[in-house]
Amino acid sequence: MLLGDDRASVLRAAEIIRNGGLVAFPTETVYGLGAAATDSKAIKKIFSAKGRPSDNPLIVHIADPAQLGDVAAQVSATALILAERFWPGPLSLVLPRADHVPAEVSAGLPTVAVRMPDHRVALDLILAAGVPIAAPSANRSGRPSPTSCCHVLEDLAGRIDAVIRSAACTIGLESTVLDLTGVRPVILRPGGVSRENLEAVLGCRIALSGSNDAQGIPRSPGMKYRHYSPRAPLLLIAGPESRRSMFIESLVKSYQGRGLKVALLSSYIRGYDTGKAAPQQLALHLYDALRQIDHRGADLILAEETDIKGLGLAVMNRLRKASTRVLKV
Ligand code: TXA
Ligand code: MG
């Protein structure tokens, strides 16, 4: 069912969620595929609709920081400070999971990731449903995350109960996942809130998880899979800027010479004298660009490394996950 984002449609969507159904809804980051976080049967449906590995936990969405206590078993002072500063917004906090949150939500982990999205429709939906909403990104597992209703339909039409169509997402990349269950906070997935902003608020350096802990177990299970992937192979070109562009030009010529259709993802707007796009712009357009490249039937994608300041860290993280190879020049 394709729903609008008016009040009556949101109420209809909330009823579907309360009855154990799946609804894709907009957030400021990407579209989520929501189910009642209290309903383990509905949670299982999310995993099968997406084709998601069962060991990859979901984020629980709340409409008010006061709901944090319903989802987490303990809420530390650090969690409260971060919620106060960054919610509503693209920051998911990993905390000890409350006993009544079904284990399926967290793929059996003793923790739970929680966030309050900065989107009117998402917040109204959670309030109207009367329960927190567990939601991964609303794409087929492994595909680029959806930043529009069209993207959701491309991947999930016929597999879910409804989708709410609203204006496109304003950030375009997923939330930052921050683990607060250890001695120090650790970023498990860089995202919409930058590392610099978190460090400024907490007054300390924050580590970025290499995906494995001491036992070699990925701390954020989702990070071990190839992700955000277009159908065409993606080569990530890394190295000093001056050498990169010459290398890319020669690669493009050589592949085109062999009759291949090559797509180029770059922060430079080539042929125009407008210079480099800001990381916010790259974040906003990355997933749509990957999908468009597929539609145009590219045989190969060349993507240029970007600066890792601010949102650039999340952009580079997604490019690495989407890539089949990294070429250092
Ligand atoms: O912006 C977002 O975060 C979007 C919107 C819909 O809110 N959601 C999203 O969900 O990106 P998903 O499922 O595509 O990614 C969730 C990430 C995965 O990498 C997962 O492993 C990690 O968060 N995660 C969830 N719960 C966790 C937990 N308890 N411990 C560690 N990592 C967790
Ligand atoms: Mg996802």
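The values are calculated or read from the model by the stated rules, or taken from the named source; none is laboratory data. Note that the structure is a prediction, hence the values are computed from the model and not measured. Calculation scope for accessible area: heavy atoms of the full protein, side chains included, ligands and nucleic acids excluded. Shrake-Rupley method; radii C 1.70, N 1.55, O 1.52, S 1.80 Å.
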As straight-line cross-link partners of K261, the qualifying aspartates and glutamates (C-alpha separation under 15 Å, not fewer than 8 residues apart within one chain) are E249, D294, D299
Under the rule of at least 5 residues apart or a separate chain, name every residue whose amide H is placed under 5 Å from the amide H of G4. R165
Given a cut-off of under 8 Å on Cα pairs at least six residues apart, what relative contact order in percent is computed for the chain? 20
Taking Cα pairs closer than 8 Å and at least 6 residues apart, the relative contact order of the range 234-328 in percent is 48
On a 0 to 90 degree scale, rounded to 10, what angle separates helix 120-129 from the longest Cα axis of the chain? 30
Rolling a 1.4 angstrom probe over the protein chains, ignoring ligands and nucleic acids, what is the accessible area of T170 in square angstrom, nearest 10? 110
The chain - mean residue ellipticity at 222 nm from DSSP helices (-39,500 (n - 2.57) per run, n ≥ 4, rounded to 500): -10000 deg cm²/dmol
To the nearest 10 degrees, how steeply does helix 312-322 sit against the main Cα axis of the chain, on a 0 to 90 scale? 80
So for the chain, Kirkwood radius off the Cα pairs, Stokes-Einstein at 10 °C and 1.306 mPa s: how many µm² s⁻¹? 78
Quick one: angle between helix 241-257 and the longest Cα principal axis of the chain, in degrees between 0 and 90, rounded to 10, please. 80
